[in-house]
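Report on the following structure.
The values are calculated or read from the model by the stated rules, or taken from the named source; none is laboratory data. Not measured: the values here are computed from a predicted model. Note: ideal-geometry Cβ built from the backbone for every residue, glycine included; neighbour counts use all protein chains shown. Ligands, DNA and RNA are excluded from the accessible area calculation, which covers all protein heavy atoms including side chains. Shrake-Rupley method; radii C 1.70, N 1.55, O 1.52, S 1.80 Å.
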Amino acid sequence: MLSIDWRVPAAYKHTKNLPAAGFAWEYLRRNDEYRHDFNAIALTEEPGARQLERFAQRWGLRFRKRPRRIA
């Protein structure tokens, strides 16, 4: 569980300058279902592409493509 008290405005002062994606993340990371789904994938040694795609679609996520070669 998160330790930030949502009733204390000072705890959210940083959100005034967040871009939309950052604000969305602040909202999403507090969702218990999202955290459950995330933990299920994080504990999987090598999640499959289909599992990752379902996760991304369910939560409206987009991931940056990783470079094929590390420079």
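Full extension of the chain between Asn39 and Trp59 yields a length gain of 5.8 nm, computed as 0.36 nm times the residue separation minus the alpha carbon distance. In order along segment 15-30, the phi-based Karplus estimate (6.51 cos²θ - 1.76 cosθ + 1.60, θ = phi - 60°) of 3J(HN,Hα) comes to 6, 4, 10, 7, x, 3, 5, x, 5, 4, 5, 4, 6, 5, 5, 8 Hz; Gly and Pro are listed as x.
Calculation over all alpha carbon pairs of the chain in 10 angstrom steps from 0 returns a P(r) of 14, 39, 30, 15, 1 percent. Backbone phi angles across segment 46-63, fed through the Karplus curve with coefficients 6.51, -1.76 and 1.60 (θ = phi - 60°), yield HN-Hα couplings of 9, x, x, 4, 5, 5, 5, 5, 4, 4, 4, 5, 4, 9, x, 9, 10, 10 Hz in residue order; Gly and Pro are listed as x.
Accessible area per residue for segment 10-71, computed on protein heavy atoms with a 1.4 Å probe, is 97 Å².
For the chain, the 222 nm mean residue ellipticity estimated from helices alone, with every DSSP H stretch of n ≥ 4 adding -39500 (n - 2.57) and the total spread over all residues, rounds to -13000 deg cm²/dmol. On the accessible surface of the chain, probed at 1.4 Å, how many percent belong to carbon and sulfur atoms? Accessible surface attributable to carbon and sulfur in the chain totals 55 percent.
Per-residue counts of other Cβ atoms within 10 Å, averaged by peptide: what ranking do you get for 28-37, 9-18, highest first? Can you show the working numbers first?
Values: 28-37: 12.3, 9-18: 9.9.
Result, highest mean Cβ count within 10 Å first: 28-37, 9-18.
Ordering 44-51, 19-26 by mean Cβ neighbour count within 10 Å, with the highest value first, yields 19-26, 44-51. Relative to its Kirkwood radius, the Cα radius of gyration of segment 12-52 gives an Rg/Rh of 1.13.
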